[in-house]
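Notes follow once the structure below has been shown.
The values are calculated or read from the model by the stated rules, or taken from the named source; none is laboratory data. Predicted model only: the values in this text are computed from it and were never measured. Cβ placement follows ideal geometry from the backbone for every residue including glycine, while neighbour counts extend to all protein chains displayed.
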Amino acid sequence: MPTNSAEINNFTSAAASGGNTNQYVARVDQNLSSNQHIFARYNFFNLLDLPTDPFRTGLCADRCAETYQTNAAAVATAIQSAPDLILNVNFSGHAVPLFALADQFGF
């Protein structure tokens, strides 16, 4: 059904969009001795993108619901073995799984 009086391109609609975002970060810094320091950090990020349905048909026009999650961790230590010599050891990792729901809003 037309939503304006134009001969062509006579349908306009505002599609709902949005989602949900969460992020959690934990960090620890600890002096193990006067010459050794340790550091650790963990980060979790979660993003839910809701599907776009401009024609209200229940079909995914652009994409269906997608959930992105990232997990990141870092660990480091610094050891001072002499007044002018410091050893730094660092490790880190990052994972990004993607969860895409291909269902068509209950179809």
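Descriptive notes on the structure:
- Residues of region 44-96 that turn out to be among the polar types (S, T, N, Q) and under 23 Å from the mean Cα position of the chain (by Cα), as a count: 7
- Complete set of residues in region 47-92 that are at pLDDT below 75, small (Gly, Ala, Ser) and either part of a strand (DSSP E or B) or surrounded by 12 or more Cβ atoms within 10 Å (Cβ to Cβ) (or both): 61
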